[in-house]
Amino acid sequence: MNKVEKTLEEWRDMLDPEQYRVCRLAGTERPGTGKYNMTKTPGVYHCICCEAPLFDASSKFDSGCGWPSFYEPIGEQAMVEIRDTTHGMIRTEVRCSTCDAHLGHVFPDGPPPTGLRYCINSVCLQLVTADGERV
């Protein structure tokens, strides 16, 4: 997929205020409030900004953290990792590799087979079922 580049004004025009705050300004939705936190529907989670595929629902698990959690992205090139030292912590931020949308963070405390927990904001995602329905 080609890189998607837009100005902040263009992103603001296409996203709702919460999507813009989280995806473009690296915000975070409140834990337990996201629409996909407890979803178990099969399908593929796509980036809300550019529609790039990010996670297969089969890699989703209940981590109890309050955000949708996945143990692996749909492919190695789906996202980029960036060192995040904000809020007095050292974490690894994950962004969509196609449009640089902030998605969340990845932690080394997930289940097998990867041992990783991709903790992702629901507002950054769009779940698409096998029949093309957007959930």
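Throughout, read-outs are computed from the coordinates displayed, never taken from laboratory work. Nothing here was measured: the structure is a model prediction, and the numbers come from that model. Methodologically, a virtual Cβ is constructed for each residue, glycine included, from the backbone with ideal geometry; neighbour enumeration extends over all protein chains shown.
Please list the three semi-axes, largest first and in whole Å, of the ellipsoid equivalent to region 71-132, using sqrt of 5 times the eigenvalues of its alpha carbon gyration tensor.
Details: eigenvalues 88, 47, 23 Å².
Result for region 71-132: semi-axes of 21, 15, 11 Å.
Arranged from highest to lowest average of other beta-carbon atoms within 10 Å per residue, in what order do the peptides 112-125, 77-90, 27-40 appear?
With the highest mean Cβ count within 10 Å placed first, the list reads 112-125, 27-40, 77-90.
Net charge near CYS124, counting Lys/Arg +1 and Asp/Glu -1 over other residues with Cβ under 13 Å of its Cβ?
-2
So if each residue of separation counts as 0.36 nm, and I subtract the Cα-Cα distance between GLU133 and SER58, what length gain in nm does that give?
Result: 25.3 nm gained on full extension.
Can you give the FRET efficiency for ALA26 and GLU51, using 1/(1 + (r/R0)^6), R0 = 25 Å, r = Cβ-Cβ distance, to the nearest 0.05?
E between ALA26 and GLU51, to the nearest 0.05, is 0.80.
Using a 7 Å offset from the Cα along the Cα-to-Cβ direction at both VAL4 and THR114, what is the distance between the two label points in nm, to one decimal?
Rounded to a tenth, the inter-label distance reads 2.0 nm.
In region 5-65, what is the volume of the convex hull around the alpha carbon atoms, normalised per residue and reported in Å³?
Looking at region 5-65, the number lands at 98 Å³ per residue.
Name the residue from VAL80, CYS96, GLY115 whose Cα lies farthest towards the positive end of the charge dipole of the chain, charges +1 on Cβ of Lys and Arg and -1 on Cβ of Asp and Glu.
GLY115
With just the Cα atoms defining each centre, how far is region 24-64 from region 71-130? Give it in Å.
10 Å
Which percent of Cα-Cα pairs in the chain sits in each 5 Å bin, short to long?
2, 11, 21, 25, 23, 13, 4, 1, 0
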